[in-house]
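What follows is a short report on a single structure.
The values are calculated or read from the model by the stated rules, or taken from the named source; none is laboratory data. The model shown is predicted, which means the values in this text are computed figures rather than measured ones. Cβ placement follows ideal geometry from the backbone for every residue including glycine, while neighbour counts extend to all protein chains displayed. The accessibility values were calculated without ligands, DNA or RNA, using every heavy atom of the protein model including side chains. Shrake-Rupley method; radii C 1.70, N 1.55, O 1.52, S 1.80 Å.
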Amino acid sequence: MAEKTKKSSLFAQANSYAMLHGLYFGLMGMVSVAMFRIGIVYNWVSMLGYILVLASPFVAVKLTRRFRDEVNPPGYGFSYARAYVHSLLMGFYAGIIVAVFVAVYMTWFDQGSVFDAYQSVLARPDVVETMKASGMEQQFKAATSGKTMTQIVEEMRQVPPANYAASIIYMNLFVAPVMSLIVAAFCRKSPNPEAL
């Protein structure tokens with residue numbers, strides 16, 4: 001019985017830290033979504049958003065190590081499983097925060113402006129010329145049964161915001177467990193008997 005209580009308290013501790021760190025991670029995700037939105041018009045902002053996304057595993061390692069250092073007495077080990085659970089829950093909480101942000105933004109604030117921005121970029125003469133010269137327009141038509149990029153953007157406009165939010169959660173269900181495997185490998189710690 002004592003072992004079961006210990007395991008549940010370890011989980012509760014990992015969960016509470018994961019909620020807090022998931023909030024930080026979720027705020028980072030919200031910023032990257034905002035950068036993606038602005039980056040439709042200003043390419044350099046989009047690049048910053050991609051850098052932020054690529055930095056997310058390193059931030060996850062930093063936050064999991066912070067959890068490890070705050071809850072572990074010096075010299076004690078920190079198991080792979082505990083690091084994995086913290087990182088996994090943190091990723092799930094962050095995904096929920098980003099999904100809610102996308103749903104709220106697209107429902108009440110965007111009013112279709114993200115799709116208008118796509119349409120205006122696709123209508124620019126330099127973009128039209130580049131797509132024709134590179135053969136991208138023909139490749140896109142071949143991949144979409146003859147539809148143009150403009151038609152696809154119009155179809156995307158018809159998708160409810162909840163579907164975009166749900167796709168973020170679905171993607172997170174696949175990405176978070178894999179990323180947590182890697183994060184946990186960098187955050188586990190063997191006990192050091194000399195420090196005890």
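Residues that are open to solvent by less than 30 Å² (accessible area, probe 1.4 Å), touching a Pro at 6+ places or on another chain (Cβ under 8 Å) and not basic (K, R), at least 2 per element: which helices (runs of 4 or more DSSP H) completely within segment 1-106 meet that? It would help to see each step written out before you state the result.
Working: elements: 2-39, 43-71, 80-104.
In segment 1-106, 80-104 are the helices (runs of 4 or more DSSP H) which contain 2 or more residues that are open to solvent by less than 30 Å² (accessible area, probe 1.4 Å), touching a Pro at 6+ places or on another chain (Cβ under 8 Å) and not basic (K, R).
Taking every residue in segment 97-122 that is of a type outside the set (A, V, I, L, M) and pairing it with any residue that is exposed (fewer than 15 other Cβ atoms within 10 Å of the Cβ), at least 6 positions away or on another chain, the pairs with Cβ-Cβ distances below 7 Å are G112/R157; F115/M156; F115/R157; Q119/T150. Taking each residue of segment 26-50 that is among the polar types (S, T, N, Q) and looking for partners that are part of a helix (DSSP H, G or I) with beta-carbon atoms closer than 7 Å, six or more apart or interchain, yields S32/G49; S32/L52; S32/V53; S46/M35; S46/F36; S46/G39. Only a single criterion out of (1) farther than 19 Å from V102 by Cα; (2) of a type outside the set (A, V, I, L, M); (3) open to solvent by 50 Å² or more (accessible area, probe 1.4 Å) is not satisfied by T144, namely (3). Can we say A99 is at pLDDT 90 or above and of a type outside the set (S, T, Y)? For A99, the condition - at pLDDT 90 or above and of a type outside the set (S, T, Y) - is met.
Considering the conditions (1) open to solvent by 50 Å² or more (accessible area, probe 1.4 Å); (2) under 30 Å from R66 (Cα atoms); (3) over 15 Å from the mean Cα position of the chain (by Cα), F174 is excluded by exactly one of them, (3). Just one residue in the set V114, V121 is open to solvent by less than 90 Å² (accessible area, probe 1.4 Å), modelled with pLDDT of 85 or more and among the β-branched types (V, I, T); that residue is V114.
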